[in-house]
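Chemist: Input: one structure, supplied below.
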Amino acid sequence: MQDLLSASGLITLTTDFGTHDPFVGVMKGVIFSRYADARIVDITHSIQPQNIAEASFWLMRSYRYFPDGTVHVAVIDPGVGTDRRIVAVRSASHILLAPDNGLLADIVSRDNTTQCIAVDAEVIDRIGLHLRSATFHGRDIFAPLAAELAAGRLHFADIGTPIFDFVASPLEQPSTSNDSVVGTVITIDRFGNLLTNIEGAVLAALAKPMVIVADVEYPVVRTYADAMPGAIVGVLNAFDVLEIAQVQGNGAVALNLERGATVTLRNRSG
Amino acid sequence: MQDLLSASGLITLTTDFGTHDPFVGVMKGVIFSRYADARIVDITHSIQPQNIAEASFWLMRSYRYFPDGTVHVAVIDPGVGTDRRIVAVRSASHILLAPDNGLLADIVSRDNTTQCIAVDAEVIDRIGLHLRSATFHGRDIFAPLAAELAAGRLHFADIGTPIFDFVASPLEQPSTSNDSVVGTVITIDRFGNLLTNIEGAVLAALAKPMVIVADVEYPVVRTYADAMPGAIVGVLNAFDVLEIAQVQGNGAVALNLERGATVTLRNRSG
Amino acid sequence: MQDLLSASGLITLTTDFGTHDPFVGVMKGVIFSRYADARIVDITHSIQPQNIAEASFWLMRSYRYFPDGTVHVAVIDPGVGTDRRIVAVRSASHILLAPDNGLLADIVSRDNTTQCIAVDAEVIDRIGLHLRSATFHGRDIFAPLAAELAAGRLHFADIGTPIFDFVASPLEQPSTSNDSVVGTVITIDRFGNLLTNIEGAVLAALAKPMVIVADVEYPVVRTYADAMPGAIVGVLNAFDVLEIAQVQGNGAVALNLERGATVTLRNRSG
């Protein structure tokens, strides 16, 4: 191998394709057709259609739980069929592939050892992908490319050209003032927990943190069981972001909030 | 082996079981119990309950993306527990298994090298499946049969008797007149795209194609990005069928259409 | 190995995490990080949030379809972050892991050869899990523990201490009187079939069984196809429980019933 990264044979998939249709299954068929020993893990296929920020939020917080040498494919691709580039990022010992639409930009900005390339059109042609559709590059480009990388037949160092003009992340950052941090609900999980873009380090800086949602104050607790069933609480969740939850209930329903809602974090006065 | 087909060890599953209940998981348990090295890919489990036409549409357009030697199991089975036959089809280097309810009929009609058999009751007994339930042949017959085929312990040539009275496909065909083709929406994907039964060859025959849906004309474009966000367009999709889409939106919602809706394709006059 | 159980390398997952978020994918990443050759099967991730009874019902009826030596992980865990114990059960040649909240209690009560242990905190620390989150033990404890057991590096006999004060099952049992059995709808499947806690042995004891739902009598048939489309019937399903179904329809919608509804089984008089 020409670079130090040794492929684990593992490929993860993050898309907005859902699992209702055969799109993901067909991508796996293409992967196995090129690389019979692949192991494939679905991170999620339920990203809101074309919500690049949500995909970025989850992929950034998920990929390091996989073995070194994993190839992560993320296809949220409103620009499919245009001349938007396909980009590859190497972060720690992981390779990530996505359209150049900002999806990987947060991973790049958090890790200054990251290498970023645009995949050469010549490479895509060389592995036999010139007969591609205009609407399903997940199947026709990303799956074959991931298979070749995971099989160790293509190497990160050989597939593209370094770039420095990555499309910027669409993910909002919280704004900080003297006495508070104003964040945003990025996604809502299956339990109705509202996950924000406010991270653990911000929370840790406050001595007596509390959250304000729709003008009402709620406590910040260590875990759900630290409050009574039905209570609304802030919790630093297992992905190191502040979430607003209803204990043994559905916070999004109880508070009637959607993605994009504002969450303010501040110190309790007195 | 007695036939030329070499099993890939791969099994795909297409059902209307959903993933809400453990039905699919239990089928996989049965497969692994018989064949520890199986690899299993879900094509989809979200076929509308008992919608054989939808399953036929997707399986026909998906199976060739998998490696040669793959065993494809399709269980949409309103006749479970009756004496309906179980059929196996060999198409190219793939084996497909389904109840004899028309699900595989389109695959057979498109490929005149296809071999079709009804699985012998004696074979089902021989692999120990006489103690089967009356309601879950996916677990009790299809999964074990697929495992034995994928493991290479059973061979297509040995499991049944050629048949020529296949149950016909429930999938509608478009009707063609001098100046137009009238098709039907067969399924709606996660993005709200309306997928029709009009194929690429039909579209290619028109110099200036446009589509008519609910008495309104829309253009046919090469890819979604060729029209403005919000526009309704016809697109030849990556599975070679005409779909009606709203660019960066949900066509089914925007047009308020369901499966079964009529789509007319014709040449733009002038 | 110190016990007779030989690990199959297979791990099953049963959770209420859904597949909308990356929770399950990340658990799989953790498993593969520790045990590259693992095979992982999803039983279901769609247990109603925190519905321990539903998880118990399905896991009890699913786990024996998997190969001997399988490790089954069930995470429905409203007490996460508290000092609730983690328990392991060995039943036949299977290992099951869950929080001590009653989820495994029915499996234990049905098999008097079962061994039950509470996992030692020291074991959890030893495999490097002291840096765990307060809210996601599926990722931080259950996945690593399952990986070590499935890899054969940890053995059931070595990871805990026998316990006899298991938290009781939340799953209701049917009540039996002279002439009838009164059961409860535990779950509703994708087809709208209403699955009860009344088992095959109870049904087999009746010569001419019929069911009463919302004061209306319905017949008990062998399979769906034994009645006309649209008919409401009782059927002993493939998991050995009585279900109420509408033939080729959705029983739950047709009858307007939810989980918890009462179903009475009795002999037809005369």
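The values are calculated or read from the model by the stated rules, or taken from the named source; none is laboratory data. These numbers were taken from a predicted model, which means no experiment stands behind them. FYI the Cβ positions are ideal-geometry reconstructions off the backbone, even for glycines, and counts take in every protein chain you see.
Chemist: Does C:Arg132 count as part of a loop (DSSP other than H, G, I, E, B), away from chain A (no Cβ under 11 Å) and over 14 Å from C:Leu97 (Cα atoms)?
Modeler: Against the criterion (part of a loop (DSSP other than H, G, I, E, B), away from chain A (no Cβ under 11 Å) and over 14 Å from C:Leu97 (Cα atoms)), C:Arg132 does not qualify.
Chemist: Sticking with this structure for a sec: Return yes when C:Val182 is in contact with a Ser or Thr (Cβ under 8 Å, 6 or more places away or on another chain), in a helix (DSSP H, G or I) and in contact (Cβ under 8 Å) with a residue 60 or more places away in the chain and no when it is not.
Modeler: Considered against the rule, which asks whether it is in contact with a Ser or Thr (Cβ under 8 Å, 6 or more places away or on another chain), in a helix (DSSP H, G or I) and in contact (Cβ under 8 Å) with a residue 60 or more places away in the chain, C:Val182 comes out as no.
Chemist: Would you be able to tell me the number of residues in segment C:240-270 that are more than 25 Å from B:Arg139 (Cβ to Cβ) and either free of Cβ contacts under 8 Å to residues at least 60 places away in the same chain or in a loop (DSSP other than H, G, I, E, B) (or both)?
Modeler: Of the residues in that region, 8 qualify.
Chemist: Right, here's the next one. Among residues belonging to segment B:155-179 that are surrounded by fewer than 21 Cβ atoms within 10 Å (Cβ to Cβ) and of a type in the set (A, V, I, L, M), point out the one that is nearest to B:Glu54 (Cα to Cα).
Modeler: Out of the qualifying residues, it is B:Leu171.
Chemist: If you don't mind, there's one more thing I want to ask. Could you list, in sequence order, all residues of segment A:78-105 that are of a type in the set (Asp, Glu) and either at pLDDT below 95 or in contact with a His (Cβ under 8 Å, 6 or more places away or on another chain) (or both)?
Modeler: Within segment A:78-105, just A:Asp83 meets the criteria.
Chemist: If you don't mind, there's one more thing I want to ask. Restricting to segment B:62-84, name every residue that is closer than 17 Å to B:Pro170 by Cα and either in a strand (DSSP E or B) or more than 8 Å from every other protein chain (Cβ to nearest Cβ) (or both).
Modeler: Correct list: B:Ala74, B:Val75, B:Ile76, B:Asp77, B:Arg84.
Chemist: Which of the following residues is modelled with pLDDT under 95 and either surrounded by fewer than 22 Cβ atoms within 10 Å (Cβ to Cβ) or of a type outside the set (D, E, K, R) (or both): C:Ala231, C:Ala252, C:Ala205? Can you show your working first?
Modeler: On the way: C:Ala231 fails: modelled with pLDDT under 95; C:Ala252 fails: modelled with pLDDT under 95.
Step by step, each of C:Ala231, C:Ala252, C:Ala205 is checked, and only C:Ala205 is modelled with pLDDT under 95 and either surrounded by fewer than 22 Cβ atoms within 10 Å (Cβ to Cβ) or of a type outside the set (D, E, K, R) (or both).
Chemist: Need the failing condition index for C:Asp120 against (1) crowded, with 23+ Cβ neighbours inside 10 Å; (2) within 20 Å of C:Thr161 (Cβ to Cβ), just the number.
Modeler: Just one mismatch for C:Asp120, condition (1).
Chemist: Still on this model: Only one residue in B:Thr82, B:Thr70 is touching a Leu at 6+ places or on another chain (Cβ under 8 Å), farther than 24 Å from C:Trp58 by Cα and of a type in the set (S, T, N, Q), so which one is that?
Modeler: None of the other options fit; the residue is B:Thr70.
Chemist: Determine, yes or no, whether C:Phe57 is part of a loop (DSSP other than H, G, I, E, B), within 15 Å of the chain's Cα centre (by Cα) and touching a residue at least 60 places away in the same chain (Cβ under 8 Å).
Modeler: no
Chemist: Here is a check on your reading of the model: is B:Val75 buried (at least 18 other Cβ atoms within 10 Å of the Cβ), modelled with pLDDT of 95 or more and in contact with a Ser or Thr (Cβ under 6 Å, 6 or more places away or on another chain)?
Modeler: Yes: the conditions hold for B:Val75.
Chemist: Give me a count of the residues in segment A:51-61 that are more than 12 Å from chain C (Cβ to nearest Cβ) and hydrophobic (A, V, I, L, M, F, W, C).
Modeler: Looking only at that region, the number is 2.
Chemist: Consider B:Asp140 carefully, then state whether it is of a type outside the set (Lys, Arg), in contact with a Leu (Cβ under 8 Å, 6 or more places away or on another chain) and either surrounded by 19 or more Cβ atoms within 10 Å (Cβ to Cβ) or farther than 20 Å from B:Ser6 by Cα (or both).
Modeler: Yes, satisfied.
Chemist: List pairs: first residue in segment C:69-80 and more than 25 Å from C:Ala92 (Cα to Cα), second residue in a loop (DSSP other than H, G, I, E, B) anywhere in the structure, Cβ distance under 7 angstrom, at least six positions apart or on different chains.
Modeler: C:Pro78/A:Gln248; C:Pro78/C:Gln50; C:Gly79/C:Asn101; C:Val80/A:Thr223; C:Val80/C:Thr135
Chemist: To continue, here is another question. Tally time: how many residues in segment C:94-127 are within 16 Å of the chain's Cα centre (by Cα) and in a strand (DSSP E or B)?
Modeler: Here the count works out to 6.
Chemist: Would you be able to say whether some residue in segment A:144-156 is within 14 Å of the chain's Cα centre (by Cα) and not in a helix (DSSP H, G or I)?
Modeler: To start, the set of residues in segment A:144-156 that are within 14 Å of the chain's Cα centre (by Cα) comprises none.
No, segment A:144-156 has no match at all.
Chemist: A further question follows. Touching a Cys at 6+ places or on another chain (Cβ under 7 Å) and in contact (Cβ under 8 Å) with a residue 40 or more places away in the chain, is that true of C:Val108?
Modeler: Values: touching a Cys at 6+ places or on another chain (Cβ under 7 Å): yes; in contact (Cβ under 8 Å) with a residue 40 or more places away in the chain: yes.
So C:Val108 passes the test.
Chemist: Then there is this: Quick check on my filter: what residues within segment A:18-33 are within 7 Å of chain B (Cβ to nearest Cβ), in contact with a Leu (Cβ under 9 Å, 6 or more places away or on another chain) and assigned to a helix (DSSP H, G or I)?
Modeler: The answer is A:Gly25, A:Lys28, A:Gly29, A:Phe32.
Chemist: Looking at A:Ile198, A:Ile188, A:Ile163, A:Ile159, can you tell me which residue is under 30 Å from A:Asp68 (Cα atoms) and in contact with a Cys (Cβ under 6 Å, 6 or more places away or on another chain)? Please lay out each step first, then the result.
Modeler: Values: A:Ile198 fails: in contact with a Cys (Cβ under 6 Å, 6 or more places away or on another chain); A:Ile188 fails: in contact with a Cys (Cβ under 6 Å, 6 or more places away or on another chain); A:Ile159 fails: in contact with a Cys (Cβ under 6 Å, 6 or more places away or on another chain).
The unique qualifying residue is A:Ile163.
Chemist: Follow-up question, since we're still on this one. On the basis of being at pLDDT 95 or above, surrounded by fewer than 22 Cβ atoms within 10 Å (Cβ to Cβ) and either within 14 Å of chain B (Cβ to nearest Cβ) or under 30 Å from A:Asn250 (Cβ atoms) (or both), does A:Val182 make the cut?
Modeler: For A:Val182, the condition - at pLDDT 95 or above, surrounded by fewer than 22 Cβ atoms within 10 Å (Cβ to Cβ) and either within 14 Å of chain B (Cβ to nearest Cβ) or under 30 Å from A:Asn250 (Cβ atoms) (or both) - is met.
Chemist: I'm checking my understanding of the structure. Among residues of segment C:1-17 that are in contact with a Lys or Arg (Cβ under 9 Å, 6 or more places away or on another chain) and surrounded by fewer than 20 Cβ atoms within 10 Å (Cβ to Cβ), which one is nearest to the other protein chains (Cβ to nearest Cβ)?
Modeler: The extreme case among them is C:Gly9.
Chemist: Of all the residues that make up segment A:166-213, how many are closer than 30 Å to A:Ile124 by Cβ and more than 20 Å from the chain's Cα centre (by Cα)?
Modeler: Result for segment A:166-213: 0.
Chemist: What tally of residues in segment B:34-50 results from selecting those that are at pLDDT 95 or above and either facing chain A (nearest Cβ under 9 Å) or out of contact with any helix residue (DSSP H, G or I) (no Cβ under 7 Å at 6 or more places or on another chain) (or both)?
Modeler: In the first step, residues of segment B:34-50 are kept if they are at pLDDT 95 or above; the result is B:34-47.
Retained after the next criterion (residues that are either facing chain A (nearest Cβ under 9 Å) or out of contact with any helix residue (DSSP H, G or I) (no Cβ under 7 Å at 6 or more places or on another chain) (or both)): B:36-37, B:39, B:41-46.
Of the residues in that region, 9 qualify.
Chemist: Considering segment A:95-111 alone, what residues qualify as being crowded, with 23+ Cβ neighbours inside 10 Å and more than 14 Å from chain B (Cβ to nearest Cβ)? Show your work before the answer.
Modeler: Looking only at segment A:95-111, we keep the residues that are crowded, with 23+ Cβ neighbours inside 10 Å, and these are A:95-99, A:101, A:103-105, A:107.
Those that are crowded, with 23+ Cβ neighbours inside 10 Å and more than 14 Å from chain B (Cβ to nearest Cβ): A:Ile95, A:Leu96, A:Leu97, A:Ala98, A:Leu103, A:Leu104, A:Ala105, A:Ile107.
Chemist: Among the listed residues A:Arg153, A:Arg139, which satisfies the condition of being charged (D, E, K, R) and within 14 Å of another protein chain (Cβ to nearest Cβ)? Before the answer, list the steps.
Modeler: Working: A:Arg153 fails: within 14 Å of another protein chain (Cβ to nearest Cβ).
Just one listed residue meets the conditions, A:Arg139.
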